[in-house]
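Reviewing the structure listed below.
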Amino acid sequence: GRGPHGLGGSSAAADQAVLAFAREAAEAVKVERPALLKAAGPERIHRARAAVRRLRTSILLLRAELGDEARDFRRPLKRLSRFLGEVRDQDVFLQTLAGLHENCGSPRPGIAATVQAKRASSQKALAEVLRADWLGQTLDRLIRWLDEKTAATEPMRSGTEADAGNDA
């Protein structure tokens, strides 16, 4: 059940921490989206994938408050995660092949070219997802929701706190 502060946490501070974590993750995904279209190197793919994972986890933490919307937010992120994962898998494979080549020569000639072609294909599919309007709309809706919920759960300043410096 939900706690006294609305998000199921034990305190307003805990609720604020979950919302801040989710907002940070959502913003990271939003920032990575256009950057990935310009340069989708292995490190950027890894960072984007981690940001999506943090955001999906955040949505799970907010599931009770989001209700059916949780599914609406998680589905597009799961799809994005799948495409990022395919590219990341190819990057790891290529790094492994490079390490093997350094240590013992090429284990199987031509395999790197096959993996690079698969990565290029996976990256093209990822770019289509990144350009999709539905992804941007999902991120914008989620960020708006988080901002509204954050504003609604911020601790109210009492009159005595606000007037503390005005004792004259």
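Quick notes
- In order through region 35-40: 3J(HN,Hα) via Karplus (6.51 cos²θ - 1.76 cosθ + 1.60), integer Hz, x for Gly, Pro: 5, 5, 6, 7, 8, 9
- Of ILE59, ILE111, the residue with the largest accessible area leads and the full order is ILE111, ILE59 (1.4 Å probe).
- Per-residue SASA remark: TRP145, around 40 Å² accessible (1.4 Å probe; ligands, DNA and RNA not included).
- Cα-derived Rg over Rh, computed across region 13-55 with Rh taken as Kirkwood radius: 1.09
- Under Karplus coefficients 6.51, -1.76 and 1.60, residue-wise ³J(HN,Hα) of region 80-95 in Hz, glycine/proline x: 4, 4, 4, 5, 4, x, 5, 5, 4, 4, 5, 4, 5, 4, 5, 5
- The HN-Hα couplings worked out from phi for region 117-133 by the Karplus form 6.51 cos²θ - 1.76 cosθ + 1.60 (θ = phi - 60°) are 5, 5, 5, 4, 5, 5, 5, 5, 5, 4, 4, 4, 5, 5, 7, 5, 4 Hz, whole numbers, x standing for Gly and Pro.
- Ordering of 92-102, 123-133 by packing is 123-133, 92-102, highest average first (other Cβ atoms within 10 Å, averaged per residue).
- Highest-first arrangement of 71-78, 49-56, where packing means the average Cβ count within 10 Å: 49-56, 71-78
- The equivalent ellipsoid that matches the C-alpha gyration tensor of region 13-141 spans semi-axes of 33, 15, 12 angstrom, in descending order.
- 12 Å beta-carbon shell around SER122, net charge (K/R +1, D/E -1): +1
The values are calculated or read from the model by the stated rules, or taken from the named source; none is laboratory data. Note that the structure is a prediction, hence the values are computed from the model and not measured. Glycine also receives a Cβ, built like all others from the backbone with ideal geometry; neighbour counts cover every protein chain displayed. Areas reflect the complete protein model, heavy atoms only, side chains present, ligands, DNA and RNA absent. Shrake-Rupley method; radii C 1.70, N 1.55, O 1.52, S 1.80 Å.
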